[in-house]
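Asks: Below are the structure tokens for one structure; questions will follow.
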Amino acid sequence: MIGALTTGLPLAASQQAYLHEASQMQALSFAVHIPLVCFGIALPAIVLFVESRYLRTGDQLYRTLARRWTRIMAALFAVGVITGTILSFEMGILWPGFMSRFGSVFGLGFAIEGFSFFLEAIFIGVYVYGWDRLSPRAHFLSGVPIAIAGVTGSLTVISVNAWMQHPSGFHIVGGHVVGVHPLAALFGNSFLWNELIHMYLAGFIVAGFLLATPYALKRLRGELSRYERTALAIPLSVGAVVAPVQVLVGDWVARDVAAEQPTKLAAIEGLPHTTRGASEHLLGWYTGGHVKFGIAIPKLLSLLAFHNPNATVQGLDAVPPSQRPPVNIERITFQLMVAIGTGLALLGVWFLWVRWRAKRLPAQRWFYAAVAAAGPLSVVALICGWIVTEAGRQPWVVYHVMRTREAVTNAAGIPVGYGVLAATYLLVAAAVAWVLRRLAARPLVEHSPPKAEGAGASPKEA
């Protein structure tokens, strides 16, 4: 089994500064990149579903819709290449101690992710430029590897993160990592499957609600033709079906955290002492060793964490203060994530109920205002969830094995890089907004499929 590598020595002031700066830089890159991962997971499947509707019905509306969403998929993939490449470089530049010591354990995951990326890039090119150059069936099949690569690429990266949360698959002898079993570390990890499913469902929620947002805004302006109704109904149905399921998966994740990372759970709740039949505190601020201004619900924390109202929940006092996560950051982001997730689930249930009972879209104006807000809020919930995951692991970069301070670079100049990075992301965000507005402004044209196998495109459709 693995052993601790920490020295317990206090950080020098310069090292503490590097740690904060590197963490902030990594957090910025991650917050920019992770919504794009959601589209990489979900959007290819949504586009393929729409194209399959065209193949089954011959309705040109579905072909037009799939073609327009393909451009969005390609644009977001290009942006994901930029942000993902930056993240890859940051892993080595900002955290050299982590990469040098444990690269042999999780390197396989990044290798598979790189292969998936190239596969995805190749077939996105084929899919984008094959609309009028391939037969309809061949074109549809060319999109299948895109969906597969989006899943395999994200799977391996998530498996690395799950390993950091619950490390296994190696031994430490004399301070050196030996006996490495990469497959066991990456795919035999008990944390992988709940984290993977939780993230994949989040991907479909974010992509579904964000894709529905502009069409909900059109509905609020009174612009809802058959095209807009279809373009709204498909991604909204995806988000509506998945959001309630995410609540159940979230319960699974929370129970695994309670069992394997009890200090993270104690920080989420702000539980100062190990308690039998622990209360859940809604809202409030943790200070002076307890939650102030919160609403206490007796025994609810024990019930949620262990499905037993009298279960004992470990408190923050079980570990030294130096091994405790930032409590209020955990509490606020967790409760915000849960509040938004619950709201999205209720919105989804209402939508599905109306669709089932009335066989139509909801008519209430408040519903479309809520859908318009649901897209951005789903991104907020996504980022909050990852803050809970990553900040709750602190001060460990590899849980109970390697402290984050041992992994950070000691190179100066991080603030300069941070400034350049922030400016780069602002430029990329402006470029993305410009591209998406240009795509949205393009007129709707009913494109005809090629007449024969391998037929070329006409100039106006190319």
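Asks: Name the single residue, out of those in segment 171-186 being surrounded by fewer than 21 Cβ atoms within 10 Å (Cβ to Cβ) and touching a residue at least 24 places away in the same chain (Cβ under 8 Å), that is farthest from the chain's Cα centre (by Cα). Even if it seems obvious, please write down each step before you answer.
Replies: Of the residues in segment 171-186, the ones surrounded by fewer than 21 Cβ atoms within 10 Å (Cβ to Cβ) are 171-184.
Add one more test, that the residue is touching a residue at least 24 places away in the same chain (Cβ under 8 Å), and what stays is 171-172, 175, 177, 180, 182-183.
Details: His171: 30, Ile172: 32, Gly175: 34, Val177: 30, Val180: 28, Pro182: 24, Leu183: 23 Å.
Per the stated criteria, the residue is Gly175.
Asks: What's the number of the condition Val144 fails, among (1) touching a Phe, Trp or Tyr at 6+ places or on another chain (Cβ under 7 Å); (2) open to solvent by 40 Å² or more (accessible area, probe 1.4 Å); (3) more than 22 Å from Lys264 (Cα to Cα)?
Replies: Against the list (1) touching a Phe, Trp or Tyr at 6+ places or on another chain (Cβ under 7 Å); (2) open to solvent by 40 Å² or more (accessible area, probe 1.4 Å); (3) more than 22 Å from Lys264 (Cα to Cα), Val144 comes up short only on (1).
Asks: Follow-up. Using beta carbons and a limit of 8 Å, which pairs, at least six apart or on different chains, have the first residue in segment 75-97 and in contact (Cβ under 8 Å) with a residue 12 or more places away in the chain and the second one open to solvent by 40 Å² or more (accessible area, probe 1.4 Å) and among the polar types (S, T, N, Q)?
Replies: Going by the 8 Å Cβ cut-off, the qualifying pairs are Ile86/Thr424.
Asks: Can you tell me which residues in segment 377-393 are of a type in the set (S, T, N, Q) and out of contact with any helix residue (DSSP H, G or I) (no Cβ under 6 Å at 6 or more places or on another chain)? Give the steps one after another, and end with the answer.
Replies: First, the residues of segment 377-393 that are of a type in the set (S, T, N, Q): 378, 389.
If the condition is that a residue be of a type in the set (S, T, N, Q) and out of contact with any helix residue (DSSP H, G or I) (no Cβ under 6 Å at 6 or more places or on another chain), then Thr389 is the only one that fits.
Asks: Identify the single condition in (1) in contact (Cβ under 8 Å) with a residue 24 or more places away in the chain; (2) crowded, with 16+ Cβ neighbours inside 10 Å that Lys299 does not satisfy, given that it satisfies every other one.
Replies: (1)
Asks: Name the residues in segment 79-138 that are polar (S, T, N, Q) and in a helix (DSSP H, G or I), would you? Walk me through how you get there before you give the answer.
Replies: So in segment 79-138, the residues polar (S, T, N, Q) come out as 83, 85, 88, 100, 104, 116, 135.
Answer for segment 79-138, where residues must be polar (S, T, N, Q) and in a helix (DSSP H, G or I): Thr83, Thr85, Ser88, Ser100, Ser104, Ser116.
Results for (1) more than 30 Å from the chain's Cα centre (by Cα); (2) aliphatic (A, V, I, L, M); (3) buried (at least 22 other Cβ atoms within 10 Å of the Cβ), shown as yes or no for each residue.
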{"residue": "Leu232", "(1), (2), (3)": "no, yes, yes"}
{"residue": "Gly270", "(1), (2), (3)": "no, no, yes"}
{"residue": "Arg276", "(1), (2), (3)": "yes, no, no"}
{"residue": "Phe306", "(1), (2), (3)": "no, no, no"}
{"residue": "Leu316", "(1), (2), (3)": "no, yes, yes"}
{"residue": "Ile329", "(1), (2), (3)": "no, yes, no"}
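Asks: Next question, about the same structure. Among residues belonging to segment 57-84 that are over 24 Å from the mean Cα position of the chain (by Cα) and aliphatic (A, V, I, L, M), point out the one that is farthest from Ala429 (Cα to Cα).
Replies: For segment 57-84, the residue satisfying everything is Leu61.
Asks: Tally up the residues in segment 216-230 that are open to solvent by less than 40 Å² (accessible area, probe 1.4 Å) and of a type outside the set (A, V, I, L, M, F, W, C), please.
Replies: 3
Asks: Here's something else I'd like to know. Kindly list the number of the only condition in (1) open to solvent by 30 Å² or more (accessible area, probe 1.4 Å); (2) assigned to a loop (DSSP other than H, G, I, E, B) that fails for Pro167.
Replies: (1)
Asks: Now, a different point. Can you tell which of Gly284, Gly277, Gly294, Gly288 is at positive phi and in contact with a strand residue (DSSP E or B) (Cβ under 6 Å, 6 or more places away or on another chain)?
Replies: Numbers: Gly277 fails: in contact with a strand residue (DSSP E or B) (Cβ under 6 Å, 6 or more places away or on another chain); Gly294 fails: at positive phi; Gly288 fails: in contact with a strand residue (DSSP E or B) (Cβ under 6 Å, 6 or more places away or on another chain).
That would be Gly284, the only listed residue that is at positive phi and in contact with a strand residue (DSSP E or B) (Cβ under 6 Å, 6 or more places away or on another chain).
Asks: Is segment 47-67 home to any residue that is open to solvent by less than 40 Å² (accessible area, probe 1.4 Å), among the basic types (Lys, Arg) and over 28 Å from Ile197 (Cβ atoms)?
Replies: Scanning segment 47-67 turns up at least one residue that is open to solvent by less than 40 Å² (accessible area, probe 1.4 Å), among the basic types (Lys, Arg) and over 28 Å from Ile197 (Cβ atoms).
Asks: Identify the residue in segment 19-46 that is of a type in the set (Gly, Ala, Ser) and either more than 16 Å from the chain's Cα centre (by Cα) or open to solvent by less than 30 Å² (accessible area, probe 1.4 Å) (or both) and, among all such residues, is farthest from Tyr200 (Cα to Cα).
Replies: Keep residues of segment 19-46 that are of a type in the set (Gly, Ala, Ser), which gives 22-23, 27, 29, 31, 40, 42, 45.
Filter once more, keeping what is either more than 16 Å from the chain's Cα centre (by Cα) or open to solvent by less than 30 Å² (accessible area, probe 1.4 Å) (or both): 22-23, 29, 40, 42, 45.
Working: Ala22: 28, Ser23: 25, Ser29: 20, Gly40: 10, Ala42: 8, Ala45: 12 Å.
Checking each candidate, the answer is Ala22.
Asks: So, one more: Is it the case that segment 379-398 has a residue that's of a type in the set (A, V, I, L, M), in contact with a Leu (Cβ under 9 Å, 6 or more places away or on another chain), over 19 Å from Phe30 (Cβ atoms) and not in a loop (DSSP other than H, G, I, E, B)?
Replies: So the first thing to find is which residues in segment 379-398 are of a type in the set (A, V, I, L, M), and the list is 379-383, 387-388, 391, 397-398.
Restricting the remaining residues to those that are in contact with a Leu (Cβ under 9 Å, 6 or more places away or on another chain) gives 379-381, 398.
Then keep just the ones that are over 19 Å from Phe30 (Cβ atoms); that gives none.
Among the residues of segment 379-398, not one is of a type in the set (A, V, I, L, M), in contact with a Leu (Cβ under 9 Å, 6 or more places away or on another chain), over 19 Å from Phe30 (Cβ atoms) and not in a loop (DSSP other than H, G, I, E, B), which makes the answer no.
Asks: Just the residues that are among the aliphatic types (A, V, I, L, M) and open to solvent by 20 Å² or more (accessible area, probe 1.4 Å), please, taken from segment 348-361.
Replies: At the first step, the residues of segment 348-361 found to be among the aliphatic types (A, V, I, L, M) are 349, 352, 354, 358, 361.
Passing the criteria: Val349, Leu352, Ala358, Leu361.
Table: residues versus (1) open to solvent by 60 Å² or more (accessible area, probe 1.4 Å); (2) over 28 Å from Ala185 (Cβ atoms); (3) free of Cβ contacts under 8 Å to residues at least 12 places away in the same chain; (4) out of contact with any helix residue (DSSP H, G or I) (no Cβ under 6 Å at 6 or more places or on another chain).
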position: Gln364; (1), (2), (3), (4): yes, yes, yes, yes
position: Ala374; (1), (2), (3), (4): no, yes, no, no
position: Ala407; (1), (2), (3), (4): no, no, no, no
position: Val420; (1), (2), (3), (4): yes, yes, yes, yes
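The values are calculated or read from the model by the stated rules, or taken from the named source; none is laboratory data. Treat the numbers as computed from the prediction; the structure is a model and nothing was measured. Glycine gets a Cβ as well: all are built from the backbone with ideal geometry, and neighbour counts include every protein chain shown. Note: areas computed on protein heavy atoms with side chains; ligands, DNA, RNA excluded. Shrake-Rupley method; radii C 1.70, N 1.55, O 1.52, S 1.80 Å.
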